[in-house]
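Take a look at the structure below.
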């Protein structure tokens, strides 16, 4: 069966056309493609800036080293996270994202294609091409799907914001920066000194 041609949210037909994970699996793009509520989001075709990659790599290493003796696992993009609602069938999944970093503690959610269900922690690192997606669409998606903790990192401003799920709604921390220490409610015992962290990735 021929798959539907994808449209981006910037194209008129995208307002009416919805795509599923089954469609997503048939596409071939050079850039990263995500689905949110059945709509296609294409990230920039160019590679992320060096500082984005430095922050992602260093944060992944620090979380990974901390989790070595624990059951939780950490993954970095590209890594598909699918959010099923009523059905786990590919044709009925309309939300598929590739977070910069995610931590999954319920290992039953992992399969050969990534994660099926909400990770415990998601980290998104902002860039000029994805700020609106992260701050608007993904915030709502992660909150509604039960992601327990959602970190937003701004390389440009060297800031961290933590959204913690409490009573099914995100409670957002103040904006943290150099001099603050990030502590996670999900990865208990993990902390990140932002002054040392950002100095180390310059």
**Report entry** Candidates 180, 193 - the one that is surrounded by 14 or more Cβ atoms within 10 Å (Cβ to Cβ), out of contact with any strand residue (DSSP E or B) (no Cβ under 6 Å at 6 or more places or on another chain) and at pLDDT 95 or above
**Finding:** 180
Query raised in the report: Do we find that residue 35 is under 14 Å from the mean Cα position of the chain (by Cα) and not in a helix (DSSP H, G or I) in this structure?
Result: yes
Report summary line: Restricting region 39-86 to residues that are without any contact (Cβ under 8 Å) to a residue 60 or more places away in the chain and more than 24 Å from residue 110 (Cβ to Cβ), the one surrounded by the most Cβ atoms within 10 Å (Cβ to Cβ) turns out to be 40
**Report entry** The listed residue being within 29 Å of residue 49 (Cα to Cα) and at pLDDT below 95, out of 69, 129, 76
**Finding:** 129
Report task. Check residue 3 against each of (1) at pLDDT 90 or above; (2) part of a loop (DSSP other than H, G, I, E, B); (3) touching a helix residue (DSSP H, G or I) at 6+ places or on another chain (Cβ under 8 Å) and name the one condition it does not meet. Result -> (1)
Query raised in the report: Looking at (1) in contact (Cβ under 8 Å) with a residue 24 or more places away in the chain; (2) surrounded by fewer than 16 Cβ atoms within 10 Å (Cβ to Cβ); (3) over 28 Å from residue 33 (Cα atoms), which is the one condition that is false for residue 198?
Result: (2)
Query raised in the report: Out of curiosity, is residue 148 touching a strand residue (DSSP E or B) at 6+ places or on another chain (Cβ under 6 Å) and without any contact (Cβ under 8 Å) to a residue 12 or more places away in the chain?
Result: no
Query - Number of the condition not met by residue 46 [criteria: (1) in a loop (DSSP other than H, G, I, E, B); (2) at pLDDT 95 or above; (3) under 30 Å from residue 159 (Cβ atoms)] - result: (2)
Query - Test: residue 93 is at pLDDT 95 or above, under 21 Å from residue 138 (Cβ atoms), crowded, with 16+ Cβ neighbours inside 10 Å and more than 16 Å from the chain's Cα centre (by Cα) - result: yes
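The values are calculated or read from the model by the stated rules, or taken from the named source; none is laboratory data. Every value quoted in this text rests on a predicted model; they were computed, and no experiment measured them. Please note: Cβ atoms are built from the backbone with ideal geometry, for glycine as well, and neighbour counts cover all protein chains shown.
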